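The values are calculated or read from the model by the stated rules, or taken from the named source; none is laboratory data. None of the values given here were measured: they were computed from a predicted structure. So basically every Cβ, Gly included, is an ideal-geometry build from the backbone, and we count neighbours across all protein chains shown. These area figures cover heavy atoms from the full protein model, side chains too; ligands, DNA and RNA do not enter into them. Shrake-Rupley method; radii C 1.70, N 1.55, O 1.52, S 1.80 Å.
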Amino acid sequence: MAASRYNPLPADRSCMNAALFNPQTWPFRPESLPEGACLVGGAVRDALLGRLTEPLDLDWVVPTGAVETARTLARQHQAGFVLLDAERQIARVVFPTMTVDFAQQEGDRLEQDLQRRDFTINAIAYDWQRCRLIDPLGGQADLEQGLLRMVSPDNLVADPLRLLRAYRQAAQLELAIEPETSVAIAQLAPLLPQVAGERIWAELQRLLNVLPPHPILAEAIASGLLTPWFPEASVDYLAAIANHWRQLQAQVPDWADWFTPIGPGGRLSHLAYAWLTCLLPRDRDRAQQVLLALKSSRAEQRSLLQLQQYWQECQAGTAATTAGQVALFQTLGELVPALLLQLEAGDLRQTLLQRYQTPNDPIAHLHPLVSGTDLQVSLGIRSGPHLGQLLQDLRVAQAEQQFCDRAGAIAFAARWLQETSLPQ
């Protein structure tokens, strides 16, 4: 065990964010906290890296009475109170400008609590009363060297999700995983399936959302950590998408808009959708089983399976037709950039990109002149597969400018019904 080091906080250290450590900026009086309360974890780490963002999330460790401290603070300031873990004494106070978590110190001394954490960079505490950093495991030195180092293998075993979190934090913070830590993760990889699927899915989303494409994901695949869910995953696909990213970046003026969280729930970027589609098993049923096991939402499952379908159709050449492209754009909508990231440079990708970027393109931005309900009312058509096929043929005909108004669309539908002899 490394000796405890108490380091005064340099007043002129440019990478420190003074706002975090200035009690006057907090929405509560720090004097109301118990003696020995210290800031820990991500906020301290991010302050040292100069990466703090608002709203702030502050994590406090207190020697005793964590839940009661949070409850009292919430009552005094009319803030929200959430009991996160009664047994481990963890609670949250939600202020308009920040979220503050309180946890009961594990062990008799703060250093013992820090020894139970995942990585050294997350085991740095700040004693606000004495204006000093408490860094018993050398987390500051690892930050300065750009390393993510485990505290101990036992701590990874205690919560196997930390195995995946290592790659996510390394990507987000632009760190390299220290060699012994990489070896330990690979050895402990069989433990990850013990973790609830929804926790893995949430952590995986954070990793896949890191922009720009980060090579650390290839390391996660190579370690075998994700093999139970993505047995067909190839680092070659990941490298290809990163290459496509660089190619497309030069062609897309509103590039940043492509990579804000989109789609169902707004939790995944286009890059994340592209990577997930390539990681999933090629067989649709097996891909769906993986998404179900990870407890992804139904909307996310639908989007990812649609992306997989059109990626495969593009590879097979069936998306090159007008009908194929109309269906592609109508189905994928805002997810089209995720598909473009999966496609090799070539005529098809260039055509789809140009159409997507052209606001009045008749295929990419087609606004159907009639709906299924319109056809049911006007022509007495019953719902069923034939109605879906008619709607698709109507979209293609409209894209080809075979008619230009609602009346023309209704007339086309009437002729279609007569020629195909389908039930009305």
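General remarks:
- With N the number of residues in region 376-416, Rg(Cα) / (2.2 N^0.38 Å) evaluates to 1.09.
- The helix-only estimate of mean residue ellipticity at 222 nm for the chain, built from DSSP H runs of length n ≥ 4 each weighted as -39500 (n - 2.57), is -14000 deg cm²/dmol after division by the residue total.
- Chain lengthening between Gln312 and Asp108 when straightened (0.36 nm per residue, less Cα-Cα): 67.6 nm
- With R₀ set to 22 Å, the beta-carbon distance separating Arg75 from Arg29 gives a calculated FRET efficiency near 0.95.
- Projecting the Cα atoms of Ala299, Val377, Thr321 onto the charge dipole of region 293-403, computed from C-beta unit charges around the Cα centre, puts Ala299 farthest toward the positive end.
- Taking a ≥ b ≥ c as the square roots of the eigenvalues of the alpha-carbon gyration tensor, region 108-188 is classed oblate because a/c is 1.5 or more while a/b is no larger than b/c.
- Computing FRET efficiency as 1/(1 + (r/R0)^6) for Arg302 and Arg116, where r is the C-beta to C-beta distance and R0 is 45 Å, gives about 0.65.
- Relative to the longest principal axis of the Cα atoms of the chain, the long axis of helix 322-332 makes an angle of roughly 30 degrees.
- On Cα atoms only, tilt of 197-208 relative to the major axis of the chain in degrees: 80
- Relative contact order of region 29-131, taken over Cα pairs closer than 8 Å and 6 or more residues apart, is 32 percent.
- √(5λ) per eigenvalue of the Cα gyration tensor, region 262-370, largest first, Å: 24, 15, 13
- Accessible-area composition of region 303-353, carbon plus sulfur, in percent [1.4 Å probe]: 46
- Label-point separation in nm, Thr97 to Ala411, each point 7 Å along Cα→Cβ: 6.6
- Folded to 0 to 90 degrees: helix 270-279 orientation relative to the chain principal axis, Cα: 80
- Length-normalised contact order of region 333-424 in % [C-alpha pairs under 8 Å, at least 6 apart]: 24
- Simple label model, 7 Å out from Cα along Cβ direction - Gln418 to Thr351, nm: 3.3
- D_trans [Stokes-Einstein, Kirkwood Rh over alpha-carbon pairs] for the chain, 10 °C, 1.306 mPa s, µm² s⁻¹: 64
- Ranking Arg149, Arg302 from most to least accessible surface, computed with a 1.4 Å probe over the protein chains only, gives Arg302, Arg149.
- Look at the alpha carbon pairs under 8 Å that are at least 6 residues apart: their mean separation over the length of the chain gives a relative contact order of 9 percent.
- Longest to shortest principal axis, alpha-carbon extents of region 124-257, angstrom: 53, 37, 27
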